[in-house]
Amino acid sequence: MIAGNWKMNGLRSDALALARAVADGVKQAAWTDRQVLICPPATLVMAVADAVRGSALLVGGQDCHAKPSGAHTGDIAAEMLRDCGASHVIVGHSERRADHGESDALVRAKAEAAWRASLVPVICIGETLDEREAGDTLEVLATQLKGSIPPGATAWNTVVAYEPVWAIGTGKTPTTAEVAAAHGHIRKVLATLTSEAAGIRLLYGGSVKESNAAELLAAGDVDGALVGGASLKAPEFLAIAKAA
Ligand code: PGA
């Protein structure tokens, strides 16, 4: 799976042109061995889903509330994303964990909300630079996984994204050996949580671009990428999907 996280970027005209260009590329490539997903801001999920309907391009949200409805001003339920044409939703992105104080328990509740609404959550975890430098990376990842993945995760209903916080938007990436070590560890910890660990897709995220995609995607236990900045340009994002 190659997933694009547009973050807080996109107004209608540009965003629809971008979505259509990606959908056209996906259509032409006619891949049968990979999924391509774009996650526009909530304001554009419906318009983007309408614009790409009929192509294999998937559309997701970037966050959801844990509850299906109620007095939660400004929040968006997983059911609402589903209603707009989304099939996936990113939960627990480090920017939400940092900017909105989201805990593992909340991320887990959001992943359960996604399931309730028949969405596939892309559950994000990742260590900060301080944690990496202190040698705590694997322990941090295990704690986040155990806290954020609800019981019942399967290869079909869950995607996990490993995104080192220090690699997001910085142009810095771990070495392929570091990525493989993290992903191998994540797979091992997942195996203590579900019998389907082998089939759950593990995406690497953090400064993935056309020039480093093939190398990062070839690292052990990497089943795809979660792409931020480089998902805002159709040719670059499609090149990453091609590298997969
Ligand atoms: P980046 O973001 O590709 O711009 O580093 C990745 C992400 O935050 O998902």
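The values are calculated or read from the model by the stated rules, or taken from the named source; none is laboratory data. These numbers were taken from a predicted model, which means no experiment stands behind them. Methodologically, a virtual Cβ is constructed for each residue, glycine included, from the backbone with ideal geometry; neighbour enumeration extends over all protein chains shown. Calculation scope for accessible area: heavy atoms of the full protein, side chains included, ligands and nucleic acids excluded. Shrake-Rupley method; radii C 1.70, N 1.55, O 1.52, S 1.80 Å.
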Using the Karplus curve 6.51 cos²θ - 1.76 cosθ + 1.60 with θ = phi - 60°, what ³J(HN,Hα) values do you get for each residue of segment 83-99, in whole Hz, with x for Gly and Pro? 4, 8, x, 7, 10, 9, 8, 6, 10, x, 4, 4, 5, 6, 4, 7, 6
Quick one: Cα centre-to-centre distance for segment 89-150 and segment 10-49, in angstrom? 25
Lysine pairs with alpha-carbon atoms under 15 Å apart, segment 2-243, spacing 8 or more or separate chains: 9
Counting only residues 5 or more apart in sequence or on a different chain, those whose built amide H sits under 5 Å from that of Gly205 are Tyr162, Glu163, Leu226
Along segment 38-43, Karplus-curve 3J(HN,Hα) (6.51, -1.76, 1.60; θ = phi - 60°) to the nearest Hz, with x for Gly and Pro, reads 10, 10, x, x, 4, 4
For the chain, modelled as a GNM with alpha-carbon contacts under 10 angstrom, which of Gly85, Gly184, Gly171 fluctuates the most? Gly171
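Under a 1.4 angstrom probe, counting protein chains only, how are Ser103, Ser148 ranked by accessible area, largest first?
Details: Ser103 55, Ser148 0 Å².
Descending order: Ser103, Ser148.
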With an 8 Å Cα cut-off and a minimum separation of 6 or more residues, compute the relative contact order for the chain in percent. 20
Rg(Cα) / (2.2 N^0.38 Å) computed for segment 2-243, rounded to two decimals: 0.94
Determine the dipole magnitude for the chain: charges of +1 sit on the beta-carbon of Lys and Arg, -1 on that of Asp and Glu, nothing else is charged, the reference point is the Cα centre, and the result goes in debye to the nearest 20. 620
Go through Met1, Met80, Met8 and list them by solvent-accessible area, largest first, probe radius 1.4 Å. Met8, Met80, Met1
